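The values are calculated or read from the model by the stated rules, or taken from the named source; none is laboratory data. Keep in mind that what you see is a predicted model, and the values were worked out from it rather than measured. Here the Cβ positions follow ideal geometry from the backbone for every residue, glycine too, while neighbour counts run over all protein chains shown.
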Amino acid sequence: MPVFDFNEDSKNKTTVPCTYTTFHSNLPFADKGHPILILDSSKNKWNHHSHGIFTNPVKTTTFEFDEETGTVAADILKIDSRFTSLTKWLGENHIKVRLSGEHTKEGYAVYEIREIGFGKATKLSAEDGFLQFMMERLFSSNAPEESLEDEELDEAGDDMKLTSIQSITDFMTCAGRTLPDNIRLWARRNLAVARSHEVTPEERRHAQRALSIMMNIQWKTNYFESIDPNEARRILDEELYGMERVKQRIIETIIQINRTHTLPAYGILLIGPAGTGKSQIAYAVAKILKLPWTTLDMSSINDPEQLTGSSRIYSNAKPGIIMEAFNAAGESNLVFIINELDKAASGKGNGNPADVLLTLLDNLGFTDNYMECLVPTVGVYPIATANEKDQISAPLMSRFAVIEIPDYSVDEKKVIFSKFSLPKVLRRMGLKENECVVTEEGLDALIECFKDTTGIRDLEQAAEHIAANALYQIEVDYVNAVSFTKEMILNLFL
């Protein structure tokens, strides 16, 4: 998938003069070689920083420079398709801006647009930083599939958190077709409700709240950047000891992503005894994918409405946990860590939460009752954990690639305690490694004390107890160091 392509689209189909063509770019920045737009400089050489205003580019497609001799207009020759709606909005509202650019053989290549002063210019709809906020959002958006401009809105383009009707209106105008089509149309309908005086104040409040949530989320495509397998392996080795088969499966998934540039069709289901590091594996994968993550604890969800939200017919209606997760992340690409999936089928009277998960896991879109809109889920990667495989329904199980996590052996527990758990606690407490030592016999006794427990959670708590005891002896008894023998370990834990 090319990230920058100067293949020109056909010119806007309009009867008024139009000088520019659009090009598609998915780059998250602009510079001399990859500008936001190019202005005609065949007759004038513009300064590196130049002031002026856009005129409506759909009608006259120019930028009017403020020169000492007066106003001088220059045609827009090319423009990044993501920014056509923004420049149109800037022109319609007569907002004075400063362009930063350089001359190239194609013309004056503009790579930065900033608002300046007020004067006769219209103040931006919310905080002064709206234009920069809008630029950052557009740079992180994907080029619209079609280059033709969105049809005219009846409304004309937020504070840094889009909450007011004016800010939401401005954002919708500037974002144009960088918003998914169904969300753009949904937003128009809700904006009409939020502005209407023919509905109740409660309905207007709900519509405005839903708009604020939806517009503050960066809706991305399913294209996924390549991941360095070596960096992924380094993260896994830092977070997990052993588990070579598990690490291999995760690296295989990374290589698949690099080949297809999309997330796998199936998430990962980690099944194993308590304390074996399933959640730690999930967090490591989220770190590798460089995605925000959210946690769904299925043991505490007993009503599907917690996931799907409540209808706006209720005064206390609100979105569900899943929609709130998108809102908190600020983007549609994120990792859902679903803990205790084997508890998902334990609904209490109002339906089964597991049925709601099926729609999320199918990546066909998720509908929240409060939002009343099909939310794209192509960028959602689910990682679930469970203790009991036989407690998970077949439909849920079929949505995952299953990785079974075995319990640690005695030798593995010894290495994890001595090389990872204890040193980590000592660093946190400010102790040197030679100030708190567990002898070989002491380590054997410790492992024997916890032989009937699964995983390493109890050993991590034991490391905390041992380090705290050593610190107490150093501070109170004024010893230089503590070496924990078999007898001392048995006294602490038996």
Any chance region 311-322 includes a residue that's in contact with a strand residue (DSSP E or B) (Cβ under 6 Å, 6 or more places away or on another chain) and modelled with pLDDT under 90?
no
Residue that is outside any loop (DSSP other than H, G, I, E, B) and among the aliphatic types (A, V, I, L, M), where the choices are Ala232, Ala265:
Ala232
Go through (1) modelled with pLDDT under 90; (2) small (Gly, Ala, Ser); (3) surrounded by 15 or more Cβ atoms within 10 Å (Cβ to Cβ) and name the single condition Ala386 misses.
(1)
Positions within region 1-44 being at pLDDT 50 or above and outside any loop (DSSP other than H, G, I, E, B), in sequence order
Thr21, Thr22, Phe23, His24, Ser25, Asp31, His34, Leu37, Ile38, Leu39
State which residue pairs qualify: first residue small (Gly, Ala, Ser) and inside region 216-236, second residue part of a helix (DSSP H, G or I) in any location, beta carbons under 8 Å apart, and separation of 6 or more residues or different chains.
Ser226/Ile257; Ser226/Asn258; Ala232/Ile250; Ala232/Ile251; Ala232/Ile254; Ala232/Ile288
Considering only residues of region 399-452 that are basic (Lys, Arg) and surrounded by fewer than 15 Cβ atoms within 10 Å (Cβ to Cβ), which is farthest from the chain's Cα centre (by Cα)?
Lys451
Check off (1) over 16 Å from the mean Cα position of the chain (by Cα); (2) surrounded by 21 or more Cβ atoms within 10 Å (Cβ to Cβ) for Trp219 and give me the number that stays unchecked.
(1)
Scanning region 300-317 residue by residue, the ones that are among the charged types (D, E, K, R) and within 13 Å of Arg209 (Cβ to Cβ) total 1
Index of the failed condition, Asn333 passing every other in (1) at pLDDT below 90; (2) in contact with a Lys or Arg (Cβ under 6 Å, 6 or more places away or on another chain); (3) not aromatic (Phe, Trp, Tyr):
(1)
What is the residue count in region 235-258 for residues that are among the hydrophobic types (A, V, I, L, M, F, W, C) and either part of a loop (DSSP other than H, G, I, E, B) or not assigned by TED's automatic domain parsing to the domain that holds Leu289 (or both)?
2
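Condition check ((1) within 29 Å of Pro406 (Cα to Cα); (2) buried (at least 18 other Cβ atoms within 10 Å of the Cβ); (3) touching a Gly at 6+ places or on another chain (Cβ under 8 Å)) across all residues:
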{"position": "Arg312", "(1), (2), (3)": "no, yes, no"}
{"position": "Gly320", "(1), (2), (3)": "no, yes, yes"}
{"position": "Gly330", "(1), (2), (3)": "no, no, no"}
{"position": "Val356", "(1), (2), (3)": "no, yes, no"}
{"position": "Met371", "(1), (2), (3)": "no, yes, yes"}
{"position": "Tyr381", "(1), (2), (3)": "yes, yes, yes"}
{"position": "Ile392", "(1), (2), (3)": "yes, yes, no"}
Tally of residues being of a type outside the set (A, V, I, L, M), closer than 12 Å to Ile268 by Cα and under 22 Å from the mean Cα position of the chain (by Cα) across region 372-398:
3
Restricting region 269-283 to residues that are within 18 Å of Phe400 (Cα to Cα) and hydrophobic (A, V, I, L, M, F, W, C), the one nearest to the chain's Cα centre (by Cα) turns out to be Ala282
